[in-house]
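Right, I'll just put the structure down here and ask away after.
The values are calculated or read from the model by the stated rules, or taken from the named source; none is laboratory data. Fair warning: this is a prediction, and the values are worked out from it, not measured in the lab. No Cβ is skipped: glycine too gets one built from the backbone with ideal geometry, and neighbour counts run over all protein chains shown.
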Amino acid sequence: MYSEKVMEHFKNPRNVGEIENADGIGEVGNPRCGDIMKMYLKIEDEVIVDVKFKTFGCGSAIASSSMATEMIKGKTIEEAMSITNKAVAKALDGLPPVKMHCSVLAEQAIKSALLDYSKKNNVHIDGLEDFDLTEDPHEH
C-alpha cells in the first residue's frame, strides 16, 4: 500500500523541528482528518537555506512534510513556489488516493510559510496572489 520511500520518510523524517526567528512560518491543517503541518523557513538572498517542520498527523502527512522540506532546501523562492503536491507525491513514489490530501497540505505549508515571509519583509512573490489557505485538500 505504501512505497518504501513513504515508509522511509515516515520512520526517519528529515528536517524535523523548529527554527528560532524563522523568516517565514506557515501552518496549515485540516480539521476533517486532523493533520496539522507547521513549516519554518530561513531565507537568505531569496534562497531557502534551512527548513524545518512539525507535523501532527498520519504517516503519509509526516512523509509528505519530510519530502517537501528536502525538495525546497537550498532552492530559491521561485523554485519552491513551483513545487506541487503531485511532485511531492511522485518523489515519494506515489501515495494512495485517500492520502493525496497529505501532499496537498505539504504544498500549502510551503506556500503559507512563503506568504508569511513575504508579509514580514514586504516582498512580492509571484503566484501567491491567489493562494487560498481555506481550500480543502480533500477536494483534489
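Output the residue which, of all residues in the range 18-47 that are within 27 Å of V98 (Cα to Cα) and assigned to a loop (DSSP other than H, G, I, E, B), is modelled with the highest pLDDT.
G34
Restricting attention to the range 1-33, report how many residues are buried (at least 18 other Cβ atoms within 10 Å of the Cβ), under 16 Å from C58 (Cα atoms) and either β-branched (V, I, T) or free of Cβ contacts under 8 Å to residues at least 60 places away in the same chain (or both).
Of the residues in that region, 4 qualify.
Is at least one residue of the range 68-91 touching a Ser or Thr at 6+ places or on another chain (Cβ under 8 Å), without any contact (Cβ under 8 Å) to a residue 24 or more places away in the chain, of a type in the set (K, R) and surrounded by fewer than 21 Cβ atoms within 10 Å (Cβ to Cβ)?
Looking for residues that are touching a Ser or Thr at 6+ places or on another chain (Cβ under 8 Å), without any contact (Cβ under 8 Å) to a residue 24 or more places away in the chain, of a type in the set (K, R) and surrounded by fewer than 21 Cβ atoms within 10 Å (Cβ to Cβ), one finds at least one in the range 68-91, hence yes.
Write out, first by first residue and then by second, each pair whose Cβ atoms fall under 6 Å of each other, whose residues are 6+ apart or on separate chains, and whose first residue, in the range 92-110, is in contact (Cβ under 8 Å) with a residue 24 or more places away in the chain and outside any loop (DSSP other than H, G, I, E, B) while the second is surrounded by 23 or more Cβ atoms within 10 Å (Cβ to Cβ) and of a type in the set (S, T, N, Q).
K99/S60; C102/S60; C102/S64; S103/S64; A106/S64; A106/S65
Of all residues in the range 48-91 being among the charged types (D, E, K, R) and part of a helix (DSSP H, G or I), which is farthest from I25 (Cα to Cα)?
Only one residue fits best here, namely K90.
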